[in-house]
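A short write-up of the structure that comes next.
The values are calculated or read from the model by the stated rules, or taken from the named source; none is laboratory data. Keep in mind that what you see is a predicted model, and the values were worked out from it rather than measured. Glycine also receives a Cβ, built like all others from the backbone with ideal geometry; neighbour counts cover every protein chain displayed. For accessibility, only protein heavy atoms count, side chains too; no ligands or nucleic acids. Shrake-Rupley method; radii C 1.70, N 1.55, O 1.52, S 1.80 Å.
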Amino acid sequence: MRVGFLGPSGTFAEEALRASAPPGVEEVPFATVSETVMAVQGGAVEQAVVPIENSLEGSVTTTLDALAGDASDVRIVAEVVRPISHCLIAREGVSLEDVTRVLSHPQALAQCSRFLHERTPGARTEVAASTAEAVRSAVDSPEPLAAIGTRLAAELYGGSLLAEGVEDRPDNLTRFVWLARSGTPPHRPPDKTSVVFWGFNDESPGALVGVLNEFAEREVNLTKIESRPRRVQLGHYMFFADLDGAEDDPPVRAALEGLAHRVEILKVLGSYPGAPRGGERQDRG
């Protein structure tokens, strides 16, 4: 089975893939999250692993937007939660005091902002497509650059560790999801469902409360809800929600049927086995 991930080799997405994949998968790196998601949509890979949420910085909006938009035939089939520990990496001979720029993925830079402010106050930050791409660029550069990335990336690209555990909080966790084409069974029996919906009278006071009552009236536990702009007009949003229970559980099914009558668009992003609460490792069974 060909499985895509945010590359190049040495990203946290690759670590999540390896922690939860069955034996014998072929790992296929892609340059961006969007390309990784759309590779599943287009059939270039059978499944993919992408980040969707971080405990410090919140949702990975690129993943949400792709699932709600162009990736119409892609569904979540599993999730895995991984602890995230960042390293500051440079080429051999560069010291912490030498660093003029720090490269990394936007989420990684945000997760390490306090360390960067305190330990590299004179260095500018620069966004890269992934943590591993940042490490590769920093190690290959003749300039005194550093990158935030994984220990694996430092080993792969010949980098030197300037500091370890540079994240602002030790309980830094990222939720990754396995994606597959619609019709692919989940990795294990599902107990969680993710949806996106929009197109109700969201400018009317209390409109969202009425929508959410579809879940409350059927005692379906809503574990997460957040909004994203619909990109059509200011003040109009799409809402992403996670629910306890499988899509086919009678209370969940009834709640989704009620919701479908209230909104223009309702898309089930996936019904899948949720990771254990608290972020423990969950390998694929």
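Looking only at region 238-258, residues that are outside any loop (DSSP other than H, G, I, E, B), more than 25 Å from the chain's Cα centre (by Cα) and buried (at least 16 other Cβ atoms within 10 Å of the Cβ) come to 3 in all.
The residue that is surrounded by the fewest Cβ atoms within 10 Å (Cβ to Cβ), counting only those in region 176-202 that are within 25 Å of Glu264 (Cβ to Cβ) and of a type in the set (S, T, N, Q), is Ser182. Any chance region 60-71 includes a residue that's in contact with a helix residue (DSSP H, G or I) (Cβ under 7 Å, 6 or more places away or on another chain), at pLDDT 95 or above, open to solvent by 50 Å² or more (accessible area, probe 1.4 Å) and not in a helix (DSSP H, G or I)? Within region 60-71, none of the residues are in contact with a helix residue (DSSP H, G or I) (Cβ under 7 Å, 6 or more places away or on another chain), at pLDDT 95 or above, open to solvent by 50 Å² or more (accessible area, probe 1.4 Å) and not in a helix (DSSP H, G or I). Assessment of region 143-151 against the conditions (within 30 Å of Gly274 (Cα to Cα) and open to solvent by 70 Å² or more (accessible area, probe 1.4 Å)) yields at least one matching residue. For Arg151, the requirement of being out of contact with any Asp or Glu (no Cβ under 7 Å at 6 or more places or on another chain) and closer than 29 Å to Gln107 by Cα is met. Of the listed requirements (1) more than 20 Å from the chain's Cα centre (by Cα); (2) surrounded by fewer than 23 Cβ atoms within 10 Å (Cβ to Cβ); (3) closer than 18 Å to Ala153 by Cα, Phe115 misses just one: (3).
Within region 59-77, is even one residue touching a Cys at 6+ places or on another chain (Cβ under 7 Å) and either closer than 27 Å to Phe240 by Cα or of a type outside the set (Asp, Glu) (or both)?
no
None of Gly24, Gly10 is open to solvent by 10 Å² or more (accessible area, probe 1.4 Å) and either assigned to a loop (DSSP other than H, G, I, E, B) or farther than 20 Å from Ala132 by Cα (or both) except Gly24. The condition (being open to solvent by 50 Å² or more (accessible area, probe 1.4 Å) and touching a Ser or Thr at 6+ places or on another chain (Cβ under 9 Å)) is satisfied by just one residue among Pro205, Pro170: Pro170. All told, Gly42 falls short of being more than 21 Å from Glu133 (Cβ to Cβ), open to solvent by 60 Å² or more (accessible area, probe 1.4 Å) and modelled with pLDDT under 95. Taken over region 161-202, the criterion of being part of a loop (DSSP other than H, G, I, E, B) and among the β-branched types (Val, Ile, Thr) is satisfied by Val166, Thr184.
Residues that are over 14 Å from Pro83 (Cα atoms) and of a type in the set (Gly, Ala, Ser) within region 8-32 comprise Ser9, Gly10, Ala21, Gly24, Ala31, listed in sequence order.
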